[in-house]
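The values are calculated or read from the model by the stated rules, or taken from the named source; none is laboratory data. Bear in mind the structure is a predicted one, so any value in this text is a computation, not a measurement. In this analysis, Cβ positions are derived from the backbone assuming ideal geometry, glycine residues included, and neighbour counts consider all displayed protein chains. Accessible surface is based on the protein model in full, side chains and every heavy atom, while ligands, DNA and RNA are left aside. Shrake-Rupley method; radii C 1.70, N 1.55, O 1.52, S 1.80 Å.
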Amino acid sequence: MATNPTYIDVAIALKVYHTLTYSVPENLSHFVSSGKRVLVPLGQRSVMGYILGVCERPNKRETKHILDVLDENPLFHSSMIPFFKWISDYYIYPLGEVIKCALPGGLSLSDHMTIVLTKEGEDALCKEFLTPLEREILSRLKLGTLRVNQLRKILNTNIPAALIQTLENRGWLIKKKELKGGKAKQRLERYVALRRSDVPADSYTLAGKKIIRVLEAEGEISVKNLKKVVPSAPRIIKSLEDAGDIAIYEKRIYRDPFGEPIQVEPVPVLTEEQKNVVESTVFALGKGFSTFLLTGVTGSGKTEVYLHLAAEAIKLEYPVLVLVPEIALMAQMERRFRARFGECIAVLHSGLSTGERFDQWMRIIRKEAIIAIGARSAIFAPFESIGVIIVDEEHDTSYKQDGHLHYNARDLAVVRAKHHNCVALLGSATPSIQSYHNVIAKKFTELTLQNRVEARPLPEITVVDLCQTRDIRGIRRFISTELYEGIRKTLDHKEQVLLFLNRRGFASFSVCGACGEPIRCKNCDISLTLHQRANAYKCHYCGFTRASTSDCSACGSSRIKLLGIGTEKIEIAVKTLFPEASVARMDRDTTTRKGSILKILKDLKNQSIDILVGTQIVAKGHDFPNITLVGIICADLSLNFPDFRAGERTFQILAQVAGRAGRGPRPGKVILQTYNPEHFSILSAKDQDFRAFYNGEINYRKALNYPPFSRMIQIKITGRDKQKAEQHAQVLGDLCDVLKKSNRSYLTFMEILGPIEAPLSRIAKQYRWQIILKGLRVKPLHRFVHQLIFENPSILNNRNVKVVIDVDPLFMM
């Protein structure tokens, strides 16, 4: 007897803003559940989607069947679906694409049309009436199956779709659909074990006897490890299995993303301040949604608070999610947590291989890990429920995703805590203006650590006015007398030095000495930076390179002046000034290789490095007890950006890097070099006084109606054709104006800025325009954008121009 078909709601992993309903054939009905992937028909294609749940039969007559269920177990819990829907609605991004972004990479499937030569087509090659192009196509297909675009590329010619259809009608080729993708799978490894205890070992060869003895001792062992003991094991075990003495089977294993084993460390005694903070947060566990902002000076022991809070949550059987802003901080945080909690930890970040990330994801799904630690993408960790979400260095802009789905993991941590009815703890010595404003508005509860652990003093900060050395030539213009003497004394005391400059490379601004033309990127409206070790000029936006021996492209002169500084130039200068010191550099150029960050941090911990030169990567949360001097080469690099958050970012990074000094038993010192010694961001960083900075900055924001007193959405318009990009931006601007005038609430609560060229008007051959929508209330602002794009679908579906919606933008360049 036939049963009524089941209908399911599916989010397609494409730019489709609404969900689709499909029916489930009876043979697949037992495999359907929320959180699994399905293969479904969409037009002429087969595409991947995600099951959101069972739904009512739609009103329309015909509903297509799903083609297949792709997963044995769900990839995410149904409790996460409301969270995904919130993200889709708030960030104005297709739901299926949101889920695709959340899941580990390598799971996506898509179909591709390929063309295959038939026997008739092969015979046709002997015929004389073929055109040259037809003969080329058939000859190439004789070597193997290809997609049409591959064929066009190989033959280096345009092949009309009509010609492919003609050849198919003649029976010379056929079109086939093939599924591509889905590389991430569980890893299986062959294991062996004894079938019985009374194996007659004497009847076997010497190698066979050795295998039996190993299995008696180990119980079971992987073939891979057995081969290390008995090299001929893979050949011998088959005969042992045939005799019924051993079993050979496959076992699921996890790829290990961790480094060397961690020794268990003693739990330190909390200070009174730390105890009060832990008690306040522990009291909130299990009592509903609440958000705390943990502020305090650098070195006050916020990580120890996180560890104690996690321990209390685990006692209550609540999972714990910990976010750090960058992979560079993962090693330190992971090490501390593993030393305290052992192997119940999963890590999630982009530095893992596809297989490693998939394994860690599945460990959480199977409840084998109760703590997840990771960078921003870890906010999607597939816990069914959560007890506490911890966001370390909550002010860091690295929590903002700048591609595809433009989400802010810090903000999503608060949203997810609300969905799970749990505690969110945001921590920072230099909290964001937005988060501290939420404290003032009573949305967050502030917790404070005002003193460093063990009563260690804050570093003494000396400000050096670089205007006094502007006439000095050479590197001593930036290595002032005060900094030079400070480095020398620190090295004499066998202590370590950190030199900070937030600009990598050797020379940041190279110009022609003959005509004054800068050495520019051919793809971007920006000058190139010389990287001496690579012997090349590099663009830090698109990756374009030119040989360091290149002449001026404008006049042909070889007289190139290497102006500006970068970490590479500072490194070389310091090695010259202090030849006896061991100098290392930590920036993007030296940390791209897997394991390179860990090596530098290990060498620093073991005091194999005397002086570390680095960019902002060294300023974020690292704990180096033997660093007693921090030198800030130039504090002004981010102050003059055309961005209303420039002062905030400058204060945060200066206060953070200054906080790396004096975190051990010996007091620290900071030498801060600047051209703007009276700027309130510089003065607040000197005094390590966040509240003084906040009070000055918030008045400026309020006067200009900038966030947190308003909300913003940035519409980015990019295109390879300069004229088409500008025209599309102007059309979009006109639509915004018309829509605003049509609704009184838009007129009252909204402001439209632009369209205008972006400050960086061309990057990677893409001309860039932007429109900023600023509103007093978030709901009218989102309603405006929804109305704009859904009533004018051609805005987003233009072949020549790309339009991206960025809600709550952080990067205005």
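Rounded, prolate or oblate, given the Cα gyration tensor of the stretch 333-387, with a/c below 1.5 counting as rounded?
rounded
Ranked from highest to lowest mean number of other Cβ atoms within 10 Å per residue, what is the order of the peptides 386-399, 80-93, 144-157?
Top to bottom by mean Cβ count within 10 Å: 386-399, 80-93, 144-157.
If amide hydrogens are placed 1.01 Å from N in the peptide plane, which non-local residues have theirs closer than 5 Å to the one on Ala536?
Those qualifying (amide H under 5 Å, at least 5 residues apart or on another chain) are His531, Ser548.
About the Cα centre, and with charges only on the beta carbon of Lys, Arg (+1) and Asp, Glu (-1), how big is the dipole of the chain? Nearest 20 debye, please.
Dipole of the chain, to the nearest 20 debye: 1600 debye.
If the limit is 25 Å between Cα atoms, which of Lys100/Lys367; Lys36/Lys85; Lys522/Lys774 go over it?
Beyond 25 Å: Lys522/Lys774.
About its Cα centre, what dipole magnitude does the stretch 293-365 give when the only charges are +1 on Lys and Arg Cβ and -1 on Asp and Glu Cβ, stated in debye to the nearest 20?
Charge dipole, the stretch 293-365, about its Cα centre: 120 debye, nearest 20.
If you roll a 1.4 Å probe over the stretch 319-448 with all protein chains in place, what percent of the accessible area is carbon or sulfur? It would help to have the intermediate numbers written out before the result.
On the way: 1710 of 3660 Å².
The C+S portion of the solvent-accessible surface of the stretch 319-448 is 47 percent.
Could you work out what % of the accessible surface of the stretch 598-662 is carbon and sulfur, using a 1.4 angstrom probe and leaving DNA, RNA and ligands out of the count?
On the way: 1020 of 1890 Å².
The value for the stretch 598-662 is 54 percent carbon and sulfur by accessible area.
Taking the Cα centre of the stretch 600-706 as the origin, how large is its charge dipole in debye, to the nearest 20, when only Lys and Arg (+1) and Asp and Glu (-1) carry charge on their Cβ atoms?
For the stretch 600-706, the charge dipole is close to 300 debye.
Check Thr628: other-chain or 5+ apart residues with amide H under 5 Å from its amide H, H built from backbone geometry?
HN-HN under 5 Å from Thr628: Gln496, Gly662.
Of Trp86, Pro74, Leu52, whose Cα points farthest to the positive end of the dipole of the stretch 15-95 (charges on the beta-carbon: +1 Lys, Arg; -1 Asp, Glu; origin at the Cα centre)?
Trp86
When we measure straight from the Cα of Lys802, which aspartates and glutamates land under 14 angstrom away, once same-chain ones fewer than 8 places off are left out?
Asp721, Glu726
Quick check on the stretch 748-813: take the gyration tensor over C-alpha atoms, sort the square-rooted eigenvalues as a ≥ b ≥ c, and tell me if it's rounded (a/c under 1.5), prolate or oblate.
Because a/c hits 1.5 or more and a/b fails to exceed b/c, the stretch 748-813 counts as oblate.
What 222 nm value per residue comes from the helices of the chain, counting each DSSP H run with n ≥ 4 as -39,500 (n - 2.57) and dividing by all residues, nearest 500 deg cm²/dmol?
-9500 deg cm²/dmol
For a protection proxy built on the mean count of beta-carbon atoms within 10 angstrom, sort 42-55, 365-378 highest first, please.
Working: 42-55: 17.9, 365-378: 20.9.
Most protected by this proxy first, the peptides run 365-378, 42-55.
Please report the carbon-and-sulfur percent of the accessible area for the stretch 671-791; probe 1.4 Å, protein heavy atoms only, DNA, RNA and ligands left out.
50 percent
How much accessible area per residue does the chain have, counting only protein heavy atoms and a probe of 1.4 Å, in square angstrom? Can you show the working numbers first?
On the way: 38330 Å² over 813 residues.
About 47 Å² of surface per residue is accessible.
Restricting to Cα pairs below 8 Å that are 6+ residues apart, what does the relative contact order work out to for the chain? Please round to a whole percent.
9 percent.
Work out the FRET efficiency for Ala692 and Ser78 from their Cβ-Cβ distance, taking R0 = 45 Å, and round it to the nearest 0.05.
0.40
Between Arg152 and Ala547, take the C-beta separation as r, use R0 = 30 Å, and let me know the FRET efficiency to the nearest 0.05. Provide the component values of the computation, followed by the final result.
Details: r = 33 Å, r/R0 = 1.09.
That pair, Arg152 with Ala547, gives E of 0.35.
Listed highest first by mean packing, meaning other Cβ atoms within 10 Å per residue, what order do 290-303, 8-21 come in?
290-303, 8-21
Going by amide H atoms built from the backbone, whose H comes under 5 Å of the H on Leu449, apart from near neighbours?
Long-range HN contacts for Leu449: Thr295, Gly296, Val297.
Tell me the volume per residue, in Å³, of the convex hull enclosing the alpha carbons of the chain.
Residue-normalised Cα hull volume stands at 262 Å³.
What full-extension length gain, to one decimal in nm, is calculated for Arg195 and Phe509 as 0.36 nm per residue of separation minus the Cα-Cα distance?
105.9 nm
Along Cα→Cβ, 7 Å out, is where each label goes; now give me the distance between the ones at Asp89 and His404 in nm to one decimal.
2.4 nm
For Leu188 and Ala455 in one chain, what is 0.36 nm times their gap in residues minus the Cα-Cα distance, to one decimal in nm?
90.9 nm
Which distance in nm do the two modelled labels at Phe680 and Gln607 give, with both placed 7 Å along the Cα-to-Cβ direction?
Computed distance between label sites Phe680 and Gln607 equals 4.4 nm.
From the phi angles alone, apply the Karplus equation (6.51, -1.76, 1.60; θ = phi - 60°) to the stretch 432-438 and give each ³J(HN,Hα) in whole Hz, x where the residue is Gly or Pro.
Each residue of the stretch 432-438 in turn: 5, 4, 4, 5, 5, 5, 5 Hz.
For the chain, give the share of DSSP beta bridges that are antiparallel, in percent and rounded to the nearest 5; count only bridges with both residues there.
Restricted to the chain, the bridges split so that about 60 percent are antiparallel.
What FRET efficiency comes out for Asp525 versus Phe709 if R0 is 35 angstrom and r is the Cβ-Cβ distance? Round to the nearest 0.05.
0.60
Under 23 Å Cα to Cα from Lys686, which lysines show up? Leave out anything in the same chain fewer than 8 places away.
In chain and number order, the partners are Lys302, Lys489, Lys620, Lys669.
Excluding residues fewer than 8 places away in the same chain, name every one of the lysines whose C-alpha is closer than 21 Å to that of Lys287.
Lys275, Lys315, Lys418, Lys442, Lys443
Provide the descending list of Cα extents for the stretch 426-465 along its principal axes, expressed in whole angstroms.
Dimensions of the stretch 426-465 along the principal axes of its Cα atoms: 37, 32, 13 Å.
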